[in-house]
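Have a look at the structure below before the remarks.
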């Protein structure tokens, strides 16, 4: 750490926010202020304008006037009150100082659609574009880049911000956004650390989560981002097993800093610090929002309850970050670049869920009858921190009119030959969904439109412009084609129109499981909890892990997504029957259709016979591949040791067991086309030996025979084993051998014999 020679008061001022979205400067020590702002889909004007007020000590954050200005910023003639007009003029002048040409911010696809691309390079490009725009507006730390909380329950109000239900997919994609943002000279911010999986009672909800679920499901994405060089991490509102995340030293210091090597700044979520001195002591560096009174920390400092070392380290980390990232606004937005990248991300993320009888793509000569509340302008983003105010959203009607013969809006014409219905569902920070059912009023509209379309004998296409999965209640059978766009950003309309007409061959894949019934979901009985407590009773069985283990068929499975061409996997091999560490898997894929396209080859690992309980299969590698018609490619996937490991809470470590593993390759978690078996020839904590239970030995004929012969040879009482097997079968064999006074030499010989038995 650099020695800035800060006074205690200066240290305290640095760890407290100065305004709602900025840090405290200390000019005399060359420490500038940092401007923070959301977010992961673009620049949040509500926060930016609010900070204008905060910096100028003007009331109005969250008030009616500011809302009026925000809602009508690009149509100021709609502003009614004089007070709102004055505020608009003042904010306009402030913004013009930053961006003289007043180009509106971009709105990029939400996290769930970015992950639907399954394309790390594309997500990096989005991050780079986000960083460029942050620089334009003078944002030094871009919050929520990315938000990677696992999709535990699809009713979560912020589901659209997160990446996936799967930790491997999240860990493979999210770090690319981090690297892209920071390549532009802006500090990325990974949130919310950790397990911030619901909005109901989000302030201080106490989550009971097993150690194994934490390590296998909820922490890997954060670890990957930390190892990718993320400069900041946001600590979450919630408690984990009785300790608030902002005060959780095990989480912030032991795991994030010491185990993963994170050297950056930990920023609290806004209002997430309940006890400032405990937060700083635990390793939380910056307490937001400001302005924050220094009194409590000063009193704790004087009384000795605030660690002077922790305070010093936190203030120096913030100071170093400020010196590195505080940069003046560039004021320049590359509209062409951001439009292009937003389009590419939407085009590769939009998912074709159903295509009955090859109803899609549509012919340009088709006459479209377009319906839906948000069919003119799609919902492009969620609300809250991820909300974007812009005038750059493409019109879906205009996009269709540019590609098809005729488009009517909210009515059929005599020559309509395709019904396109857009069902839209908002996503909202601070509010979870109670249900995944389509509301009755909407169902009545859909039913009437489908009946009319059936009378006309025309195609029926459903667009799911939603913040998360909804129950289709049988509608999947009545529509010929179904697209899911989630919240696709400002170019989503153009990308969707190109998918509909076939200019773009869809290649998006679901990053989560789409259930038909909420009752089938893993957390159905444990969401959102009772009062201020919630139990993560499903443990590691989140998403497809649950559906596979329970043998429940979802409506659309994890990794599902159709194309206008067909792909097949013609070969899979490992090149060896055994391995000890890394393993190369060779997969050959062919495009058997007549269109060029992209698919995602997904690699899953199964451990059919394991000591520790494991999912039926787990995603452990993937790659997006482009193939021309009849083209074939062979791709090598390298699986490292960690691909085969699980976290054992009894051993407090990741472990890999010897034995046979099944490697499967396919196009979704339920569409596996080829597999091979390979043997891990290693020793592990589960190897047959002193830690093996009597039950395991007695229920393996080879081991039981070895043990019985050993007891006979050494004249030991076999009844000791039988009694243990009957009453205490989980006893380790070492306990029984000690009870019968077996010699150390003989014990070693028994364990050597056990090791001759190979695991299945």
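Relative intensity of segment 567-680 on a log10 scale, I(q)/I(0) at q = 0.20, 0.24 Å⁻¹, equals -1.02, -1.35, per a Debye sum over C-alpha point scatterers of equal strength in the absence of solvent. Among 139, 12, 26, 445, sorting on how many other beta-carbon atoms sit within 10 Å of each Cβ, with the fewest leading, yields 445, 26, 12, 139. The DSSP beta bridges internal to the chain are antiparallel in roughly 55% of cases. Taken over segment 387-493, the alpha-carbon convex hull comes to 115 cubic angstrom per residue.
Can you pull the Kirkwood radius for segment 44-104, inverse mean 1/r over Cα pairs, to one decimal in Å? Please list the in-between numbers first.
Working: mean 1/r = 0.0862 Å⁻¹.
Final number for the Kirkwood radius of segment 44-104 is 11.6 Å.
Sort all Cα-Cα distances of segment 249-294 into consecutive 10 angstrom bins from zero, then give the percent of pairs in each bin up to the one containing the longest distance. For segment 249-294, the binned pair fractions read 28, 53, 18, 1 percent.
Packing here is the average count of other Cβ atoms within 10 Å per residue, and on that basis the peptides 85-94, 317-326, highest first, run 317-326, 85-94. Simple spin-label estimate for residue 204 and residue 745 gives 6.6 nm between the two label positions (7 Å along the Cα-to-Cβ direction from each Cα).
Under the √(5λ) rule applied to the eigenvalues of the Cα gyration tensor, what semi-axes describe the equivalent ellipsoid of segment 694-754? Give them in Å, descending. Walk me through the numbers before you get to the answer.
Details: eigenvalues 51, 34, 22 Å².
In descending order, the three semi-axes are 16, 13, 10 Å.
Any idea how far apart residue 373 and residue 401 come out in nm if each label point goes 7 Å out from Cα toward Cβ? Placing both labels 7 Å along Cα→Cβ, they lie 2.4 nm apart.
Please compute the contact order of the chain in relative form: average sequence separation of alpha-carbon pairs under 8 Å and at least six residues apart, divided by the residue count, as a percent. Before the final figure, lay out the partial values.
Values: 1753 pairs, mean separation 96.7, N = 760.
Relative contact order, the chain: 13 percent.
With n ≥ 4 as the cut-off for DSSP H runs, can you work out [θ] at 222 nm for the chain, using -39500 (n - 2.57) per run divided by the number of residues, rounded to the nearest 500? Each step should come with its number before you reach the end.
Numbers: 22 runs with 231 residues, N = 760.
Result for the chain: -9000 deg cm²/dmol, rounded to the nearest 500.
Within 10 Å of each residue's Cβ, count the other Cβ atoms and sort 378, 53 from fewest upward. Write down the numbers at each step before the final one.
Working: 378 25, 53 21.
Ranking 378, 53 by Cβ neighbours within 10 Å, fewest first, gives 53, 378.
Over all projection directions, the Cα-based convex hull of the chain averages an area of 37.5 nm².
The numbers here are math on the coordinates, done by the rules we state, and not lab data. Source: prediction; values computed, not measured. No Cβ is skipped: glycine too gets one built from the backbone with ideal geometry, and neighbour counts run over all protein chains shown.
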